[in-house]
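Worksheet: one structure, shown below.
Bear in mind these aren't lab numbers, they're just calculated from the coordinates by the rules spelled out. Just so it is clear, the structure is predicted and the values come from calculations on it, not from any experiment. Using ideal geometry, Cβ is built from the backbone for each residue, glycine included, and neighbour counts are taken over all protein chains shown.
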Amino acid sequence: GAVVSQHPSWVICKSGTSVKIECRSLDFQATTMFWYRQFPKQSLMLMATSNEGSKATYEQGVEKDKFLINHASLTLSTLTVTSAHPEDSSFYICSATITSGNTDTQYFGPGTRLTVL
Amino acid sequence: GQQVMQIPQYQHVQEGEDFTTYCNSSTTLSNIQWYKQRPGGHPVFLIQLVKSGEVKKQKRLTFQFGEAKKNSSLHITATQTTDVGTYFCAGPWDTGNQFYFGTGTSLTVIP
């Protein structure tokens, strides 16, 4: 099946630094990828839709200058958490969709656990 | 905005018992998907339902989409310890292709 990878799988950083997370579709092309964040024991919250070759679409309440998204190719989207603070500590997950017939299957990456000290 | 609630939030069952989680949306859904997330893992796609009143089965799992396309359910028959995890419903509430997740139901199966 389709595989989506994320790098790094976990990262610890100091408050005020920026962290870049990569999301790659390994065996298919994805014009659209999605970024979610998940707090412990909570649901996934959609942050933004990453569009190849154009600006990302952010959900209400998500700061676009705080969470920079770049979808430079059909297989790579990056999320940069700028000037990270402890409240940004979370599990960040990306996904990409493959449409087959009338079924849209969303494949998730393994996630990146960010801890900001 | 759209809200997708799932009940119950938590469920503990004895191995072999049945389990059901319900997903309710404040708006009509074009389709609905179900995912399973194991502790420490990422969501894994289970199924997509598109038609009003649709019922699909995967072995011991039965998925149903309501007639009004505003609710859905997942039923597991004779639970096993491998069924442990959190089950989420999700759907493209808007006209776009974004997916919004329900609140999830965490299932614990007691051996």
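Residue by residue along B:37-49, Cβ atoms of other protein chains within 10 Å of the local Cβ number 5 on average. Comparing Cα centroids, region A:76-93 and region B:41-60 end up 31 angstrom apart.
For the pair A:Ser73 and A:Ser18, a Förster radius of 30 Å applied to the C-beta separation gives a FRET efficiency near 0.90, rounded to the nearest 0.05. Across peptide A:104-111, the mean count of Cβ atoms from other chains lying within 10 Å of each residue's own Cβ comes to 5. Secondary structure note: in chain B, about 85% of the DSSP beta bridges are antiparallel.
Placing +1 on the Cβ of every Lys and Arg and -1 on the Cβ of every Asp and Glu, with nothing else charged, gives chain A a dipole about its Cα centre of roughly 260 debye.
Would you mind telling me which residue in B:Gly53, B:Gly16, B:Gly40 has the biggest mean-square fluctuation in a Gaussian network model of chain B, where springs connect alpha carbons within a distance under 10 angstrom? Largest GNM mean-square fluctuation: B:Gly40.
Counting 0.36 nm for each residue step from B:Asp18 to B:Ser52 and taking away their Cα separation leaves a gain of 9.8 nm. Assuming charge only on the beta carbon of Lys and Arg (+1) and of Asp and Glu (-1), the dipole of chain B about its Cα centre is about 240 debye to the nearest 20.
Among the lysines in the protein assembly as shown, how many pairs, 8 or more places apart or on different chains, have alpha carbons under 14 Å apart? Eligible lysine pairs with Cα atoms under 14 Å apart amount to 5.
The label point for B:Lys70 and the one for A:Lys64, both projected 7 Å from the Cα toward the Cβ, are 3.3 nm apart. Ordered by the number of other Cβ atoms lying within 10 Å of each residue's own Cβ, fewest first, A:Val62, B:Val109, B:Val55 fall into the sequence B:Val55, A:Val62, B:Val109.
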